[in-house]
Amino acid sequence: QVQLVESGGGLVQAGGSLRLSCAASGRTFSTYAMGWFRQAPGKERDFVARISRSGGTTYYADSVKGRFTISRDNAKNTVYLQMSSLKPEDTAVYYCAASIYYGDRYYNSERGYNYWGQGTQVTVSS
């Protein structure tokens, strides 16, 4: 089983920036498309961003477009989420996810991912 470990969460003031990291185990990281999801208390887990296995294609939720950037370093088995201009509504537990599937049919849905990290808390204060 692939193990994913998120880090970099914390408390940030509105308007600030934060970079999340997700480290993956194994030698097959480059074969996975990767995604970030988030879940606020009492709410569903929502799609945030997606990056293709080579890093050439990205997708973003409308709510974070222009503020968040997903990237990956396959040599380090790590995917990142650079978050800027943070808002209180960005407060959530952020989850890293890996997809073994080819194509982007379910890129913005939990059904499109096979492995999940434990999550890291991001709190944005105002």
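The values are calculated or read from the model by the stated rules, or taken from the named source; none is laboratory data. Predicted model only: the values in this text are computed from it and were never measured. Reconstructed Cβ throughout: ideal geometry from the backbone, glycine too, with neighbour counts over all protein chains shown. Ligands, DNA and RNA are stripped out before the accessible areas are found, and what is left, the full protein with its side chains, is counted by its heavy atoms. Shrake-Rupley method; radii C 1.70, N 1.55, O 1.52, S 1.80 Å.
Probe 1.4 Å, all protein chains in place: accessible area of THR78 in Å², nearest 10?
Its heavy atoms expose roughly 20 Å² to the probe.
Subtracting the Cα-Cα distance from 0.36 nm times the residue separation, let me have the gained length for GLU89 to THR31 in nm, one decimal.
Length difference between fully extended and current span is 17.6 nm.
Once the whole set of protein chains is in place, how much accessible area is left on ASP62, using a 1.4 Å probe, in Å² to the nearest 10?
Solvent-accessible area, nearest 10 Å²: 130 Å².
Enter the accessible area of VAL48 (Å², nearest 10), with the probe set to 1.4 Å and all protein chains included.
Here the accessible area works out near 0 Å².
Around GLN3, which amide H atoms from residues at least 5 apart in sequence, or from another chain, sit under 5 Å from its own amide H, with H modelled in the peptide plane?
Answer set, sorted by chain and number: SER25.
Would you please state which residues of the range 58-81 a label at TYR106 would reach in this model, taking the label point 7 Å out along Cα→Cβ and a backbone N cut-off of under 11 Å?
none
For the chain, what % of the accessible area comes from carbon and sulfur atoms, probe 1.4 Å?
Here carbon and sulfur together make up 45 percent of the probe-accessible area.
How large is ³J(HN,Hα) for each residue in the range 32-43, as worked out from phi by the Karplus curve 6.51 cos²θ - 1.76 cosθ + 1.60 (θ = phi - 60°), to whole Hz, x for Gly and Pro?
Karplus values, whole Hz, x for Gly and Pro: 9, 6, 10, x, 10, 10, 9, 9, 7, x, x, 10.
Based on C-alpha coordinates, I'd like the Rg and Dmax of the range 1-93, in Å.
My reading of the Cα-based Rg and Dmax gives 13.2, 38 Å.
Among the lysines, which fall within straight-line cross-link reach of LYS87, defined as a Cα-Cα distance under 27 Å, with same-chain neighbours fewer than 8 residues apart omitted?
LYS43, LYS65
Count charges around SER52 for me, please; just the other residues with Cβ under 12 Å from its Cβ, Lys/Arg as +1, Asp/Glu as -1.
Every neighbour counted, the sum reads +2.
In Å², and per residue, what accessible area does the range 1-104 have when probed at 1.4 Å with the other protein chains present?
Result: 50 Å² of accessible area for each residue.
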